[in-house]
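Participant: Shown below is the structure under consideration.
The values are calculated or read from the model by the stated rules, or taken from the named source; none is laboratory data. Only a predicted model underlies this, so the values are computations on that prediction, with no experimental measurement involved. Please note: Cβ atoms are built from the backbone with ideal geometry, for glycine as well, and neighbour counts cover all protein chains shown. The area values use the complete protein model at the heavy-atom level, side chains included, leaving out ligands, DNA and RNA. Shrake-Rupley method; radii C 1.70, N 1.55, O 1.52, S 1.80 Å.
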Amino acid sequence: MVSRVRVWLNRTYAENVFFMDQLRRNPCGRAVEIHATHGDPDSPILAAADTAAMEPTGLSPAAYVEYALDQCARHAIDVFVPVLHQAALAEHREDFAAAGTALLAPPAAAVHTFQDKVVAYEAVRELGVPVPPWWRVRTADELIAAVDELEAAGHKACFKPASGAGGVGFRIITRTPFSLMHLSGFPSPYMPLDLVLQALRGADEPVDWLVMPLLGEPEVSVDCLTGPDGRVRMAVGRTKNGRRRGFTLDPRWTEPARVLAEGFGLHYLTNIQFRMLGDEPVLMDVNTRPAGGLHQLSQCGINAPWAAVRLALGEEPGELVPPFLGQDYAVVSGPRAVRPSSTPLHTDLDPDLSAPVPAPDAAAGAPSAEATRSAQATHLAQTSDSPLTV
């Protein structure tokens, strides 16, 4: 009898409830139990897991590693999929292996490279993969110089934090003065240059921004699966052009992604994003974690999360080539269960919610003492300063 696989997802994006679904619906019919931790008691990740725990707040990366090793030992974790503190955890891969846990993450050196976009662009350019022009900006004068040069070349300027995840902090520079136009409709990413300069000059400390041209569509996110042996098993592009989404195996996108995955040892699941600079695809970003939209590859007949878990367990999933490319689609939101709301707490409760999470559709009625205790404990830890609380 094949034993079940125990997988842990630490603080991660809400969309990874679909990652969890795919693990359970794996084509091997293997039993999978999922442990989840988060800093937000209302994250659907906690409700979707078989067991769950609130993460402690205020831990340094080193202290978080100790916490993670304890979680792996206590819950007999076979495969750990880290997002929060990924680099620090990857530095202790051998410690997790000694505890019987495989870490589903790239080597620490690769994670560190792509945490800083400027360092990443410099390293990527050495491999011959095209990148957009960029300026590292910390002051108002440096911003003006970068914007002037970009606009002189016919580009619209934008900026984002040199270190950060997703689109947090992304803004587009405009010369249009602030007016009611900026206050009508939905909030816009466009920011008048004079207001940005005013904020910079009034700031207590310098910023650390990457200024670059606003890149054109389509945006193509290439989901890669790479083994510890450095060989890419999967490279499938997900295209985004306005609302329309689709899939591609066009080598203009997939080949540069393979070069990066192999060249930097981006083991397991990574996501490499490209956009257009004129007529040329250029690198936009590299995520050293599974993408939130990875589950969309199921429309191409691929279960990438399960293949990655098999690789982490030392099994060989083979090449993941889509048997077909799914039709174009749009992304819409939908409801997902969260844990039951709590009543006032006792502060001496153990924050470990390792008892099985009640099913979302359980019959209405008075909760059991165990369920009440678990629900109360979710409020023992508050959301940390990590952005991964969606």
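Participant: Give, as a single signed number, the net charge of other residues whose beta carbon lies under 14 Å from the beta carbon of residue 193, with Lys and Arg counted +1 and Asp and Glu -1.
Facilitator: -2
Participant: Using per-residue counts of other Cβ atoms within 10 Å, averaged over each peptide, order 334-341, 153-160 from highest down.
Facilitator: Answer by packing, highest mean first, reads 153-160, 334-341.
Participant: Once you've got the GNM for the chain with C-alpha springs shorter than 10 Å, pick whichever of 207, 222, 331 has the biggest mean-square fluctuation.
Facilitator: 331
Participant: So, with +1 on the Cβ of K and R and -1 on the Cβ of D and E, and no other charges, what is the size of the charge dipole of the range 208-291 about its Cα centre, to the nearest 20 debye?
Facilitator: Working: 11 positive and 11 negative charges, 82 e Å.
The dipole magnitude comes to about 400 debye.
Participant: Please compute the net charge surrounding residue 250, taking Lys and Arg as +1 and Asp and Glu as -1 over other residues with Cβ under 13 Å from its Cβ.
Facilitator: Net charge in that neighbourhood comes out at +2.
Participant: Still on this model: Protein chains only, probe 1.4 Å: how do 11, 74, 201 rank by accessible area, largest first? Walk me through the numbers on the way to the answer.
Facilitator: Working: 11 5, 74 130, 201 150 Å².
Per-residue accessible area, sorted high to low, gives 201, 74, 11.
Participant: Next question. So if I take the centroid of the Cα atoms in the range 249-277 and the same for the range 192-233, what is the distance between those two points in Å?
Facilitator: Each part reduced to its Cα centre gives a spacing of 17 Å.
Participant: Then there's this: What's the magnitude of the charge dipole for the range 112-152 around its Cα centre, counting Lys and Arg as +1 and Asp and Glu as -1 at the beta-carbon? Answer in Debye, nearest 20. Each step should come with its number before you reach the end.
Facilitator: Values: 4 positive and 8 negative charges, 45 e Å.
My answer is approximately 220 debye.
Participant: Quote the relative contact order of the range 157-285 in percent (integer), defining contacts as alpha-carbon pairs under 8 Å separated by 6+ residues.
Facilitator: Computed value for the range 157-285: 21 percent relative contact order.
Participant: Also: Taking the Cβ of residue 18 as the centre, find all other residues whose Cβ is under 15 Å away and add up their charges (Lys, Arg: +1; Asp, Glu: -1).
Facilitator: The answer is +3.
Participant: Still on this structure: Under a 1.4 angstrom probe, counting protein chains only, how are 171, 93, 238 ranked by accessible area, largest first? Can you show the working numbers first?
Facilitator: Values: 171 90, 93 70, 238 30 Å².
Order by accessible area, largest first: 171, 93, 238.
Participant: Using heavy-atom solvent-accessible surface (probe 1.4 Å) with all chains present, what is the largest-first order of 37, 139?
Facilitator: On the way: 37 0, 139 60 Å².
Result, largest first: 139, 37.
Participant: Which one, 121, 67, 13, has the greatest fluctuation when you compute a Gaussian network model over the chain with C-alpha springs under 10 angstrom?
Facilitator: Comparing 121, 67, 13 in a Gaussian network model of the chain, the most mobile one is 67.
Participant: In nm, to one decimal, how far is the residue 170 label point from the residue 98 one, both placed 7 Å along Cα→Cβ?
Facilitator: It is 4.2 nm.
Participant: Leaving out ligands, DNA and RNA, what percent of the accessible area of the chain is carbon and sulfur, probe 1.4 Å?
Facilitator: Taking all protein chains in place, the chain shows 54 percent carbon and sulfur surface.
Participant: Next question. Pick out which of 212, 276, 191 has the largest mean-square fluctuation in a Gaussian network model of the chain, springs linking Cα atoms closer than 10 Å.
Facilitator: Among 212, 276, 191, the largest GNM mean-square fluctuation belongs to 191.
Participant: Work out how much length residue 186 to residue 31 would gain on full extension: take 0.36 nm times their residue separation and subtract the Cα-Cα distance, in nm to one decimal.
Facilitator: Length gained between residue 186 and residue 31: 51.3 nm.
Participant: Oh, and also: Each residue of the range 6-13 in turn: what ³J(HN,Hα) in whole Hz from Karplus with 6.51, -1.76, 1.60 and θ = phi - 60°, glycine and Pro shown as x?
Facilitator: Values, residue by residue: 9, 10, 10, 10, 7, 3, 8, 6 Hz.
Participant: Quote to one decimal, in nm, the extra length available between residue 244 and residue 229 on full extension: 0.36 nm per residue of separation minus the C-alpha distance between them.
Facilitator: 1.8 nm
Participant: Still on this structure, I have one more. For residue 4 and residue 259, what does the FRET efficiency come to when R0 = 30 Å and r is the distance between their Cβ atoms, rounded to the nearest 0.05?
Facilitator: Given R0 = 30 Å and the Cβ-Cβ separation, E is 0.20.
Participant: Please give the FRET efficiency for residue 321 paired with residue 57, using the beta carbon to beta carbon distance and R0 = 45 Å, rounded to the nearest 0.05.
Facilitator: The value I calculate is 0.55.
Participant: Which whole-Hz ³J(HN,Hα) couplings does the range 25-41 yield from phi under the Karplus relation 6.51 cos²θ - 1.76 cosθ + 1.60, θ = phi - 60°, glycine and proline marked x?
Facilitator: Couplings: 9, 5, x, 7, x, 7, 5, 10, 10, 10, 9, 9, 10, 7, x, 10, x Hz.
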